[in-house]
Amino acid sequence: MAKTGRKGFTKRQLINIAVALLAVFLLGFRIYSDLYPTSPVFDVFSYTDDEVILHAAAFKRASDGDTIVVVMDGQEMTVRLIGVDAPESTRCTVQDCTDEGEKAHEYTSGYFKLGQTIYLEFDKGQKDKYGRALAYIWTSNTCKFNDFNEFKKYNFNALLLQNTQSRAKYYSPNGKYRKWFNRIDRMKYLYEE
């Protein structure tokens, strides 16, 4: 006969209850951290403004949802957005092109005006295997770069992630805002029906 603890539960049942309560607590903790991401308890990493070096550029056009062409220092440059992967709309076969990719392309094209000043922030790896510059795109150079809510509002990579079917995507070694992109991704899919 199995030994029972308090109120007639076996030790195995008590362990299962404790594990279930711990799982519920951890799930609640994760959801709370997504809902209140700027709380000091949950702000897993933050940055000081002096760690952000911005390079002004003029927007020229969107090549894809997550790729733009800019003019910086008089030179045209193709820029792949770091931390986000939009569905394909231009460099794809008929089977790979999607409506979601076209919507991401339209979102990027419609967000910026020709010649609009934007700000590029580079990470550790500055070019991809196709020779494109890799950058975070900021729409303001005066925001609080170490604030998650400001990040969601002024970082175009984050805006694309929030407003299209794009997903957070990490490519080593560029992970400065990786946890924030993942947080946005989790929040977006947490509230989808």
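The values are calculated or read from the model by the stated rules, or taken from the named source; none is laboratory data. These figures come from a predicted structure and were not determined experimentally. Because the Cβ atoms are built from the backbone with ideal geometry, glycine has one as well, and the counts that use them run over all protein chains shown. Ligands, DNA and RNA are stripped out before the accessible areas are found, and what is left, the full protein with its side chains, is counted by its heavy atoms. Shrake-Rupley method; radii C 1.70, N 1.55, O 1.52, S 1.80 Å.
Can you name the residue in the stretch 106-116 that is out of contact with any strand residue (DSSP E or B) (no Cβ under 6 Å at 6 or more places or on another chain) and in contact (Cβ under 8 Å) with a residue 40 or more places away in the chain and is also farthest from LEU160 (Cα to Cα) among such residues?
Narrowing the stretch 106-116 to residues out of contact with any strand residue (DSSP E or B) (no Cβ under 6 Å at 6 or more places or on another chain): 106-107, 110-111, 113-114.
Okay, now just the ones that are also in contact (Cβ under 8 Å) with a residue 40 or more places away in the chain, so 107, 111, 113-114.
Values: TYR107: 8, TYR111: 10, LYS113: 16, LEU114: 18 Å.
Across the stretch 106-116, the extreme among qualifying residues is LEU114.
Condition (residue is more than 21 Å from PRO87 (Cα to Cα) and at pLDDT 95 or above) applied to the stretch 154-174: is it met by at least one residue?
In the first step, residues of the stretch 154-174 are kept if they are more than 21 Å from PRO87 (Cα to Cα); the result is 154, 173.
With at pLDDT 95 or above added as a condition, the list becomes 154.
Looking through the stretch 154-174, at least one residue is more than 21 Å from PRO87 (Cα to Cα) and at pLDDT 95 or above.
If PHE59 passes every condition in (1) touching a strand residue (DSSP E or B) at 6+ places or on another chain (Cβ under 6 Å); (2) modelled with pLDDT under 70 but one, which one does it miss?
Failing condition for PHE59: (2).
Tell me, which residue of the stretch 117-129 that is in contact (Cβ under 8 Å) with a residue 40 or more places away in the chain and part of a strand (DSSP E or B) is surrounded by the fewest Cβ atoms within 10 Å (Cβ to Cβ)?
Within the stretch 117-129, the match that is surrounded by the fewest Cβ atoms within 10 Å (Cβ to Cβ) is THR117.
If the requirement is being closer than 17 Å to THR139 by Cβ, more than 20 Å from the chain's Cα centre (by Cα) and either modelled with pLDDT of 70 or more or surrounded by 10 or more Cβ atoms within 10 Å (Cβ to Cβ) (or both), which of these qualifies: VAL79, VAL71, VAL52, VAL24?
Details: VAL79 fails: more than 20 Å from the chain's Cα centre (by Cα); VAL52 fails: more than 20 Å from the chain's Cα centre (by Cα); VAL24 fails: closer than 17 Å to THR139 by Cβ.
That would be VAL71, the only listed residue that is closer than 17 Å to THR139 by Cβ, more than 20 Å from the chain's Cα centre (by Cα) and either modelled with pLDDT of 70 or more or surrounded by 10 or more Cβ atoms within 10 Å (Cβ to Cβ) (or both).
Across the stretch 130-176, which residue is least open to solvent (accessible area, probe 1.4 Å) among those that are within 13 Å of ASP66 (Cβ to Cβ) and assigned to a loop (DSSP other than H, G, I, E, B)?
SER166
I need a count of the residues in the stretch 82-116 that are at pLDDT 85 or above, in a helix (DSSP H, G or I), open to solvent by less than 20 Å² (accessible area, probe 1.4 Å) and of a type outside the set (A, V, I, L, M, F, W, C). Break it down stepwise before answering.
Residues of the stretch 82-116 at pLDDT 85 or above: 82-86, 103-116.
Filter once more, so that each one left must be in a helix (DSSP H, G or I): 103-111.
If we keep only those that are open to solvent by less than 20 Å² (accessible area, probe 1.4 Å) too, we end up with 104, 108.
Next, only the ones that are of a type outside the set (A, V, I, L, M, F, W, C) stay: 108.
Matching residues across the stretch 82-116 total 1.
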